[in-house]
Amino acid sequence: GRRGGGSAGGMIPPVESLVKYDKPVLVSSAKDKGKAKKTKAEALGVDKKGKALQTEDILNAILPPREWTEDGELWVQYVSAVPATRSDAISLGESLDQRLQLRRARDSGICTIREELYAQAFDELIRQITIECAERGLLLLRIRDEARMRIAAYQTLYESSLAFAVRKAILGEDAKTEIEGEIKEMTVVKKDKNKQLQELQERFDTLDTREEERWETMKKKQFQEIRSLKDAYKNQTKQLQELLAPPPGFVPRK
């Protein structure tokens, strides 16, 4: 359980956990700390083979005791070595659900609160099973550590992927800025080319109009010249015919 009223300069007492602990033991020195541990083992009842002490040592290795200072005094709290019952397992599940709801843990996705509470529940199960069978408890410990190592590897991979994505995003942003600059330059060039094209089109239209006017003028001039030549031809033909015509009263010889 949690102890309140810690001194301002001391370590903060541990918060409540789903792992079942014994009552805190006051320890004034390292010598007394070892003595308190021995007294606790004796209170559990050690047989001639030291079975209880062995179980306690395994529990303390798996789940180290919690220590804190309060009012200048050192307190130690060992994990409980009391066997669990069926009702304890049911109570553990209920406590887990209550704390998940109380601390507003997320139902899915990444949530450190949910991860912490489930880790506490798994440690409590390890404690309960270790008391019944130390070998099964140590096997569960290996499974727990492997799962934590795998999660840490996934987290490292996620962080590396995230850093890579951030770098790519920055590079993409730089490339985007560069491309936008190129687009602006190309837009300016396009406007200039369109302006040049429009000027050339206007020049072409002007030249085309002038050429058409010149062609029409030339056609009219040629038409007038042809007409004049035809009129002159008619007049000359008429004059020639008049010159070649016999005088009046002329009778050709037979």
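Please go through segment 69-85 and pick out each residue that is of a type in the set (Val, Ile, Thr) and either touching a residue at least 40 places away in the same chain (Cβ under 8 Å) or touching an Asp or Glu at 6+ places or on another chain (Cβ under 6 Å) (or both).
Of all residues in segment 69-85, those of a type in the set (Val, Ile, Thr) come to 69, 76, 79, 82, 85.
Residues satisfying the conditions are Thr69, Val76, Val79, Val82.
Do the conditions hold for Gln155, that is, is it open to solvent by 70 Å² or more (accessible area, probe 1.4 Å) and not hydroxyl-bearing (Ser, Thr, Tyr)? Explain how you work it out, then say what you get.
Details: open to solvent by 70 Å² or more (accessible area, probe 1.4 Å): yes; not hydroxyl-bearing (Ser, Thr, Tyr): yes.
For Gln155, the condition - open to solvent by 70 Å² or more (accessible area, probe 1.4 Å) and not hydroxyl-bearing (Ser, Thr, Tyr) - is met.
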### Task
Say whether the condition of being over 24 Å from the mean Cα position of the chain (by Cα) and open to solvent by less than 100 Å² (accessible area, probe 1.4 Å) is met by at least one residue in segment 160-178.
no
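Out of everything in segment 99-120 that is aliphatic (A, V, I, L, M) and in a helix (DSSP H, G or I), what residue ends up being most open to solvent (accessible area, probe 1.4 Å)? If you could, list the steps in order and put the result at the bottom.
Taking segment 99-120 as the starting set, the residues that turn out to be aliphatic (A, V, I, L, M) are 100, 102, 105, 110, 113, 117, 119.
If we keep only those that are in a helix (DSSP H, G or I) too, we end up with 100, 102, 113, 117, 119.
Numbers: Leu100: 28, Leu102: 140, Ile113: 45, Leu117: 2, Ala119: 35 Å².
My answer is Leu102.
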### Query
Right, Lys193: farther than 30 Å from Glu115 by Cβ and surrounded by 10 or more Cβ atoms within 10 Å (Cβ to Cβ) or not?
yes
### Task
Can you work out which of the residues in segment 70-97 that are within 17 Å of Lys23 (Cβ to Cβ) and of a type in the set (Val, Ile, Thr) is surrounded by the fewest Cβ atoms within 10 Å (Cβ to Cβ)?
Val82
### Task
Check whether at least one residue in segment 146-167 is at pLDDT 90 or above, part of a helix (DSSP H, G or I) and within 18 Å of Val15 (Cβ to Cβ), and report yes or no.
no
### Task
Give me the pairs, please: first residue somewhere in segment 121-150 and open to solvent by 70 Å² or more (accessible area, probe 1.4 Å), second residue anywhere and at pLDDT 95 or above and not β-branched (Val, Ile, Thr), beta-carbon distance under 8 Å, and either six or more positions apart or on two chains.
none
### Query
Across segment 210-254, what is the total count of residues that are surrounded by 10 or more Cβ atoms within 10 Å (Cβ to Cβ) and in a loop (DSSP other than H, G, I, E, B)?
0
### Message
Going through Glu94, Glu124 one at a time, which residue ends up being more than 24 Å from Ile58 (Cβ to Cβ), more than 22 Å from the chain's Cα centre (by Cα), modelled with pLDDT of 90 or more and not small (Gly, Ala, Ser)?
### Response
Glu94
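The values are calculated or read from the model by the stated rules, or taken from the named source; none is laboratory data. Since we're looking at a predicted model, the values are computed, not measured. Cβ sites come from the backbone with ideal geometry, for glycine too, and all protein chains shown count toward neighbours. Surface accessibility is based on the protein's heavy atoms, side chains included, excluding ligands, DNA and RNA. Shrake-Rupley method; radii C 1.70, N 1.55, O 1.52, S 1.80 Å.
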